[in-house]
């Protein structure tokens, strides 16, 4: 069972999320908080598997809440996924730097939300298409990033299939889009991407994309 905590200042948003999550087998909402401060306090006594964090809230925003949570709870203990309507570049990068493991738009459907929660809980990282483009754009625009021979050497440990699917991820495609392009299932894509992450020593999709750029794997 995946225990989920909801952090959002809008009660109706929390009600909708709770309904969708509780209806999914293997998941349950175990706590809710209406702002960042309440979330940090709740995590003093409760340790859910995944925290769904809004960004814009009264008191402290989601990014500051993530920073404070990470002081006591490493990613190996509590996974944090941002769920917001504001998935512009600066928000994505700030959330990831603060310690978020995933970043989705509030417009995501119930099935995709459940899949993302599972992926993040399993140690992966879920990024919306906009979030992925933000990470890619940030890395690509940084002309100071040369090809790192050590990172490039790591790519040699990947199978041809893993490298092909990783290239698609670097282009900003999500697992479902990659699956459609290669005529395979999203679960197969997830398996290959997760194996690539393990071989490359990264814990989330954002780090995977950044390492791939340093290794010279760029679209």
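The values are calculated or read from the model by the stated rules, or taken from the named source; none is laboratory data. Keep in mind it's a predicted model, so treat the numbers as computed, not measured. Please note: Cβ atoms are built from the backbone with ideal geometry, for glycine as well, and neighbour counts cover all protein chains shown.
One table, with the values for the structure above:
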quantity: Residue ID - modelled with the lowest pLDDT, chosen from residues in segment 158-173 that are part of a helix (DSSP H, G or I) and in contact with a helix residue (DSSP H, G or I) (Cβ under 7 Å, 6 or more places away or on another chain); calculated: 170
quantity: Odd one out for residue 32 among (1) within 18 Å of the chain's Cα centre (by Cα); (2) crowded, with 17+ Cβ neighbours inside 10 Å; (3) farther than 18 Å from residue 95 by Cβ; calculated: (1)
quantity: Filter result for residue 82 (modelled with pLDDT of 95 or more, touching a helix residue (DSSP H, G or I) at 6+ places or on another chain (Cβ under 9 Å) and either under 16 Å from residue 116 (Cβ atoms) or not assigned by TED's automatic domain parsing to the domain that holds residue 118 (or both)); calculated: no
quantity: Matching residues in segment 2-17 - criterion: being under 16 Å from residue 48 (Cα atoms) and surrounded by fewer than 19 Cβ atoms within 10 Å (Cβ to Cβ); calculated: 3
quantity: Exclusive hit being modelled with pLDDT under 90, farther than 17 Å from residue 116 by Cβ and over 19 Å from the mean Cα position of the chain (by Cα), set 58, 74; calculated: 58
quantity: Residue that is modelled with the highest pLDDT [pool: residues in segment 109-131 that are in contact with a helix residue (DSSP H, G or I) (Cβ under 6 Å, 6 or more places away or on another chain) and not in a loop (DSSP other than H, G, I, E, B)]; calculated: 110
quantity: Of all residues in segment 32-49 being touching a strand residue (DSSP E or B) at 6+ places or on another chain (Cβ under 6 Å) and free of Cβ contacts under 8 Å to residues at least 40 places away in the same chain, the one that is farthest from residue 71 (Cα to Cα); calculated: 32
